[in-house]
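I have placed the structure first, in the form of structure tokens, so that the comments after it can refer back to it.
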Amino acid sequence: MQEPVSGDTNVASPTLKASVVNPAANPRRMRRIIAEDPEWSLAIVPHLSELCLQHIVSNFEKNPVVDHLLPEHQRKVLDRISTGLPLTVTANLISDEGYWKRCCTERWAVCDVSRYGGSWKRMFFERHLENILKYFIPNTTDPNQVLEVIPLCKEYVRKLEIDQFLPPVKLDQNKEEDDMSDSGSDVEFDEFCMNHYDLGVLTAALSHLEELHLTYGVKDCGMNFEWSLFDFTYQDCYSLANAFKKCHTLKVFKLCRSKVDDEKTRVLIRNLLDHPCLVELDLSHNLIRDRGARAIGKLINRSKLEILNLCNNRIRAPGAQAIAHALAKNSTLTSLNLRINCIEDEGGQAIGHALLTNATLTSIHLGGNELSEPTATLFSQVLAQNTVLTSINLACNHIGLVSSFPA
């Protein structure tokens, strides 16, 4: 018989042969705990309950079972099911905040749940709906994308912040020139083409909607920039005004940086008069002049407004006088921002006289309004007489020496 060659790796050692014949000869195989193997488990076959839970998780879309499980089993299922399940399955079935937290954090990098009343589910559905509306292209996007999600989210949406509205896709310029023969038709065609998504159906269905923040424009347009991308058309205005009639729960409305002029302001205000819930109106960074300001003055005393922001518009003295006239009789408004307009001393003094009798306004901002010494002198009287005001901002004016105000 040939002797085994020294160093031959194909020859099994006596110890290895013994361990194959007798498993007890291998101490590692006989150990009940293998500390260096974190995946090792003594249980070779999973428990039947664990197999059932795995089956529920893998088939959740076809057979969603949660409510009939024991609490500890519910927790395991909710921790394991995919966040990519259709909303038609999860929206009205799952209320667990842990699941919706996973849905939010896996989809968005920044998630501040404190801005959503501490509710992860509310955050998910508000941001999901906002995302659909931000990228909705009229005449291109299927309207069912919005209509199908409304029944799923209507119970959870309290606030919508939509910072862009996409216009319809414009036709090829050469085709437009062939189809349109006169300049008047071009204007009409462009106006029609630039109308945005109508919020009427949405606001009517969202029975808990309290805040609506809108900006009509396009973000990150880059080299595709055109002024028409930032138009708030008359059709948009009428559609939005009609939407107010269907939203009786609205408390806060903000329409900023949308080129809202006097005519559009009057249309909007006409549909906000005597609104049962509106307490805050923000029309800052628009093109509102005196006629629009007069309409807003009418709204002040035909609403429950507490906060009014008209910063960075084109309101002059007549518009400020209309607001002052309303302010003198008002008993609800607590904050008024007229910063960066041009009301000058005539408008500033009108507001000052109104504050001598007004007993509710606590904060007023008149910065950047071309005010000078006459207004400052009157406001020194306001400071001495009005005991309700806690904040007056007259920055960026020409009010003269600080000594004009009483100590």
(request) Output the Cα-based Rg and Dmax of region 203-356 in Å, rounding Rg to one decimal and Dmax to a whole number. (result) 15.7, 52
(request) Starting from the exponent 0.38 and prefactor 2.2 Å, build the expected Rg for region 49-111 from its residue count and divide its actual Cα Rg by it. (result) 1.11
(message) Using a 7 Å offset from the Cα along the Cα-to-Cβ direction at both L273 and C396, what is the distance between the two label points in nm, to one decimal?
(response) 3.4 nm
(message) Under a crude label model (7 Å from the Cα following the beta-carbon direction), how far is S82 from N242 in nanometres?
(response) 4.1 nm
(request) With r as the distance between the Cβ atoms of N26 and K254 and R0 = 56 Å, compute the FRET efficiency 1/(1 + (r/R0)^6) and round to 0.05. (result) 0.15
(request) Measure up K76/K154; K219/K251; K101/K254; K254/K304 against 18 Å on the Cα-Cα distance and list the ones that go over. (result) K76/K154; K219/K251; K101/K254
(message) Would you report the distance distribution of C-alpha pairs in region 231-319 as whole percents per 5 angstrom bin, up to the bin with the largest distance?
(response) 3, 15, 28, 28, 19, 6, 1
(request) Return, for the Cα atoms of region 191-270, the radius of gyration and Dmax in Å, separated by a comma. (result) 13.3, 41
(request) Could you check the simple spin-label distance between E97 and H47, using points 7 Å along Cα→Cβ, in nm with one decimal? (result) 2.8 nm
(request) Report the semi-axes of the equivalent ellipsoid for region 284-407 in whole Å, largest first, where each axis is √(5λ) for an eigenvalue λ of the Cα gyration tensor. (result) 21, 17, 11
(request) For region 119-404, compute Rh as the Kirkwood radius over C-alpha pairs and then the Stokes-Einstein diffusion coefficient at 10 °C and 1.306 mPa s; write the answer in µm²/s, rounded to an integer. (result) 77 µm²/s
(request) With the Cα gyration tensor of region 268-316 in hand, convert its eigenvalues to equivalent ellipsoid semi-axes via √(5λ) and list them largest first in whole Å. (result) 18, 11, 8
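May I ask you to compute the full-extension gain from T360 to L69, defined as 0.36 nm times their residue separation minus their alpha-carbon distance, rounded to one decimal in nm?
99.2 nm
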(message) With just the Cα atoms defining each centre, how far is region 330-378 from region 212-270? Give it in Å.
(response) 27 Å
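FYI, it's all coordinate maths here, none of it is from the lab. Everything quoted here is computed from the prediction, not taken from an experiment. All Cβ positions, even for glycine, are placed from backbone atoms using ideal geometry, and neighbour counts span all protein chains on display.
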